[in-house]
Structures are given as C-alpha cells and as structure tokens.
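Read the structure below first, then the notes.
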Amino acid sequence: MAHPKHRISSTRRDKRRTHYKAELPTLATCSNCGSMIRYHRVCPECGFYRGKQTTEQKAE
C-alpha cells in the first residue's frame, strides 16, 4: 500500500481543495403558478410536475 513520504502542509492541501465548492441549484419557473422551483421536482406551491397535478394541496 502507498504511504506518503512527507507530510502535506495545510496550505498545500487547501490549495488543492479550492475548486471544491457548493454551486447554486438551477431554478426554473413553474408552468402552472409561475413560482421558482428546482429542476426535476414537484412545485411546492401548487403540486404540479411537468404539467400534471401530482399532489393535493391543503386548503388554507
């Protein structure tokens, strides 16, 4: 098994990790109600997904 010959400094380690960052999720507008939703997910406002009613919303 491979073992490191020298210790990697924290600066060198952190330089390598600079590209690991969280990205913002891609948003789309709901075709039914117009609210912003994440791709490939049911709209939390109206319950539609790809033009079809998938979940029943509670009356307020």
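A short reminder: the numbers here are calculations on the coordinates, not readings from a lab. These figures come from a predicted structure and were not determined experimentally. Quick reminder, even Gly has a Cβ in these numbers, built from the backbone with ideal geometry, and neighbours come from all protein chains shown.
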Helix-only [θ] at 222 nm, the chain, -39500 (n - 2.57) per DSSP H run of 4+, per residue, nearest 500, equals -3000 deg cm²/dmol
Contour minus end-to-end for LYS52 and THR18, with contour as 0.36 nm per residue of separation and end-to-end as the Cα-Cα distance?
8.1 nm
Ratio of the Cα radius of gyration of the chain to 2.2 N^0.38 Å, where N counts its residues:
2.15
Point-to-point label distance, HIS40-SER10, nm (Cα→Cβ direction, 7 Å offset)
3.8
